[in-house]
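So the structure is just underneath, and the comments pick up after that.
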Amino acid sequence: MTGLRSTTLALAVAAATALSAGAAWAQDTLRIGTEGAYPPFNMVDENGNLHGFDIDIANALCAQMERECTFVIQDWDGIIPGLLAGKYDAVIASMSVTEERKQAVDFTDKYWTNKLQFIAPKSVDLDLTPEGMAGTSVGAQRATISAQWVEENMPDVDVKLYDTQENAYLDLGTGRIDAVIADKLVNYEWLESDAGADFEFKGEPVYENDLIAIALRKGNEDLLADFNAALTAIRENGTYAEINAKYFPFDIY
Amino acid sequence: MNIDVMIAALPKLLEGAWLSLQLLFISGFFGLMIAVPLSIARSSPRLAVKALPYAYIFFFRGTPLLVQLFLVYYGLSQFAFVRESPILWPVLKEPYWCAIITFSLHTGGYIAEILRGAIQAVPVGEVEAARALGMRRSTTLARIVLPRAARIALPAYGNELILMLKGSALASTVTLLDLTGMARTIIARNYMPVETFLMAGVIYMTITFVLVRGLRFIEHRTSAHMRGRPTGPDTAPPESIA
Amino acid sequence: MPDLSGFEHQLLLGLWMTIRLALTALAIGLVLGLAGAAAMAAPVAPLRWLARAYTTIIRGIPELLVVLLIYFGSSVLLMRLARPLGYTGYIELSPFVAGAVALALTFGGYASEVFRGAFQAVPVGQAEAAQALGMGRIAIFFRIVLPQAWRIALPGLGNLFLVLMKDTALVSVIGLEEIMRKAQFATGATKEPFTFYLAAAVLYLGLTIVSMSLLAWMERRANRGMPRARAS
């Protein structure tokens with residue numbers, strides 16, 4: 001492995017090797033990695049059960065593909081390493097498609113579209129320009145596109161990185177940070193809760209090309225095709241719209 | 001193993017190491033300040049005096065550092081009076097100070113126990129001699145007991161500093177970009193956990209090595225009276241017996 | 001009993017996971033510690049260097065980093081190691097196994113020093129006497145040397161176990177649902193971090209108290225028949 005220059009390539013090769021050997025059992029049970037700390041998309045209730053939009057979509061896709069699925073809960077910053085290492089076969093955890101990630105993994109077609117938007121206390125006016133935000137502290141989850149966006153577009157902002165989105169909201173709630181940037185729908189859910197009552201969306205979404213898809217190890221062509229076919233099927237037969245309506249009063253595709 | 005990745009990560013990791021060192025030395029200092037009165041009270045024969053330091057030491061040694069850190073960082077902000085206090089909140093708002101407060105309280109508990117052992121190890125005859133010379137109790141404590149205990153406790157204090165360096169990695173769980181936090185942030189971009197964590201490990205090892213050497217030097221310097229005096233210019237000083 | 005909003009059951013499940021993790025890591029760690037001590041006393045120099053390097057590295061690297069490295073790095077590393085041996089399948093460690101191995105590595109690194117000191121403290125004459133009586137080498141080790149070394153090592157190992165038990169909290173960072181992780185879930189749902197982290201602290205204190213009493217009992221047992229050093 002030492003001679004390879006491209007770092008992500010090295011890992012992808014290791015993963016592909018793992019995959020070819022793993023193909024024999026892969027036919028039996030499909031293991032899906034998710035985070036379990038990202039309401040309303042994937043979360044764990046007080047009985048330890050996973051639920052949320054991602055979980056419902058995953059179950060619908062598995063039913064469509066006639067495959068048995070099990071879920072593996074994995075912390076966000078290890079979710080791609082976990083996929084590459086073969087701890088599970090697919091990541092259905094509301095992951096954004098990015099160029100950097102594409103070098104390490106393959107993505108299916110999108111299953112929803114994410115927009116990033118700031119939230120902050122109602123009592124505060126935010127000037128959402130790089131100059132206007134200079135010196136404020138903004139919370140984001142570690143290893144997310146939100147974290148990357150604010151680091152790249154607002155260099156003078158003090159970015160605080162959290163292990164879970166929940167912890168970022170906890171700190172926004174106490175006033176430890178001035179604003180949170182996260183997926184619009186995730187923020188929407190929190191604003192609807194009791195804890196989010198004094199907070200609101202600020203400005204327009206800052207980023208709208210954020211496609212959310214299922215991540216697979218590279219070279220897993222059959223599984224990729226199966227997932228895409230199943231996605232098209234549940235879009236057409238109304239299953240998707242049903243799940244969408246369960247969580248949001250508007251279409252998020 | 002990809003050496004390019006390791007070298008590319010180095011500047012950011014060193015930046016993180018600087019924060020780790022700050023956390024270590026500032027909390028190492030405050031921990032000592034907390035430990036001195038605690039250990040004196042803990043050594044008291046009176047139950048009323050030693051009960052509180054006993055409970056303090058028991059709590060901080062009996063629970064994980066991670067729990068203590070989350071109690072201070074996330075826990076305290078649950079209370080409105082903390083968030084509204086003009087004195088507490090500006091400090092507790094900052095993850096940097098939360099980490100330093102937690103690490104100081106934590107290491108203070110451990111150092112207090114080390115100092116207590118050291119105070120008890122001071123030969124009773126020396127205290128009696130000081131008293132016989134007419135020294136008051138407080139003078140005896142300040143001039144005889146504490147300096148002697150400090151020398152006895154030094155190696156154990158050094159160990160505790162190294163344990164605290166390792167404990168400081170938990171700062172990464174409260175948004176701080178210390179050496180471990182920086183490594184985790186880099187891995188979020190390069191997906192190379194083995195190389196990045198190993199590089200961080202090498203930096204931790206280097207800091208430990210320098211600390212051990214530095215402490216050994218101080219131990220050597222403070223034990224001059226216990227070493228034999230060289231008899232001539234050709235005679236190498238004998239090894240420390242401490 | 002404070003109001004834990006229905007999360008009591010989850011916290012107890014976390015407690016059970018913590019206990020299982022600690023005991024598993026202890027079992028592996030004791031083996032590693034014995035192996036390390038044996039390697040330190042080995043007549044082969046490279047073995048001694050290896051053992052020395054192992055304890056030095058473990059002493060110098062944060063436990064959290066060991067946990068993260070084992071978890072995220074293990075699959076990649078194990079597969080790289082296994083491929084030259086002809087095994088091309090894939091290898092994975094669950095958070096439980098990765099956590100147990102990481103904590104065992106830490107425990108073993110410190111325990112090998114404890115064991116080394118304990119074996120050195122058993123007088124050579126004892127083994128020689130047993131040999132003179134015609135006992136075999138294995139019998140001497142298990143019936144003469146090990147029981148005495150165990151008595152000497154026990155307090156040190158006990159301390160290491162108390163450290164190990166607190167370090168189990170670090171495995172929450174890689175997602176194992178032990179006490180801390182369960183408390184974190186509860187915190188997200190209730191917005192009462194102080195309540196739940198204090199509850200977690202109480203559980204760890206309970207574990208510490210129980211372990212300390214068990215260790216005291218084991219030390220008394222191991223020391224039965226030994227003359228007391230102090231009159232009191």
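The values are calculated or read from the model by the stated rules, or taken from the named source; none is laboratory data. None of the values given here were measured: they were computed from a predicted structure. All Cβ positions, even for glycine, are placed from backbone atoms using ideal geometry, and neighbour counts span all protein chains on display. Just the protein is used for accessible areas: all its heavy atoms, side chains included, with ligands, DNA and RNA removed. Shrake-Rupley method; radii C 1.70, N 1.55, O 1.52, S 1.80 Å.
Points to keep in mind about this one:
- Check: the protein assembly as shown dipole with +1 on Lys, Arg Cβ and -1 on Asp, Glu Cβ, in debye: 5140 debye
- Within-13-Å neighbourhood charge of A:Met95 [Cβ basis; K, R +1; D, E -1]: -4
- Cα lying deepest toward the dipole's positive end in the protein assembly as shown, options A:Ala213, A:Gly33, B:Ala169, charges on Cβ: B:Ala169
- With the charge dipole of chain C set up from +1 on Lys and Arg Cβ and -1 on Asp and Glu Cβ about the Cα centre, the Cα lying farthest toward the positive end among the listed residues C:Gly29, C:Phe72, C:Thr208 is that of C:Gly29.
- Computed on the Cα atoms alone, the convex hull of the stretch A:42-184 gives a volume of 130 cubic angstrom per residue.
- Whole-Å semi-axes of the ellipsoid equivalent to the stretch B:3-224 (Cα gyration tensor, √5λ, descending): 37, 24, 12
- Principal-axis tilt of helix A:221-236 within chain A, Cα atoms, nearest 10 degrees: 60 degrees
- Degrees between helix A:53-65 axis and first principal axis of chain A (Cα, 0 to 90, nearest 10): 20 degrees
- Note on chain B: helix-only mean residue ellipticity at 222 nm, from DSSP H runs of 4+ residues weighted -39500 (n - 2.57) and normalised by residue number, equals -24000 deg cm²/dmol.
- Environment charge of A:Ala215, counting only residues whose C-beta is closer than 15 Å and scoring Lys/Arg +1, Asp/Glu -1: -4
- Peptide A:101-109 has a mean shielding of 1, counted as Cβ atoms of other protein chains within 10 Å of each residue's Cβ.
- Taking the longest Cα principal axis of chain A as reference, the axis of helix A:165-174 is set at about 10 degrees.
- Helices assigned as whole DSSP H runs in chain C whose Cα atoms extend at least 15 Å along their own long axis and whose mean Kyte-Doolittle hydropathy is 1.6 or higher are found at C:63-82.
- For the protein assembly as shown, the Stokes-Einstein estimate of translational diffusion at 20 °C and a viscosity of 1.002 mPa s comes to 76 µm²/s, using the Kirkwood hydrodynamic radius over alpha-carbon pairs.
- Trypsin sites (Lys or Arg not before Pro), loop per DSSP, at most 15 other Cβ atoms within 10 Å - longest free stretch of chain C: C:1-223
- Exposed loop positions in chain B were taken to be trypsin sites (Lys or Arg not before Pro) whose DSSP state is not H, G, I, E or B and which have at most 16 other beta-carbon atoms within 10 angstrom. Between these positions, the longest stretch is B:137-226.
- Residue mean of other protein chain beta carbons inside 10 Å, A:160-168: 5
- Buried accessible surface for the C/B pair, both sides summed and rounded to the nearest 100, is 3100 Å² with a 1.4 Å probe.
- Dipole magnitude for chain A: computed about the Cα centre from +1 point charges on Lys and Arg Cβ and -1 point charges on Asp and Glu Cβ, it is near 740 debye.
- Projecting the Cα positions of B:Gly109, B:Ile7, B:Leu92 onto the charge dipole of chain B (unit charges on Cβ atoms of Lys, Arg, Asp and Glu, taken about the Cα centre) puts B:Gly109 furthest along the positive direction.
- A Cβ-based charge dipole, computed about the Cα centre of the stretch B:3-224 with Lys and Arg at +1 and Asp and Glu at -1, lands at about 800 debye.
- Span per principal axis, largest first, for the Cα atoms of the stretch C:123-232 (Å): 70, 37, 15
- Overall, the anisotropy analysis places the stretch C:1-149 in the oblate class: the square-rooted eigenvalues a ≥ b ≥ c of its C-alpha gyration tensor yield a/c not less than 1.5, with a/b not exceeding b/c.
- Take each residue in C:167-175, count the other chain C-beta atoms within 10 Å of its C-beta, and the mean is 6.
- Cα gyration tensor shape of the stretch C:119-180, rounded if a/c is under 1.5, else prolate or oblate by comparing a/b with b/c: prolate
- The residues packed around A:Ala104, meaning those with a beta-carbon under 13 Å from its beta-carbon, carry a net charge of +2 if Lys and Arg are +1 and Asp and Glu are -1.
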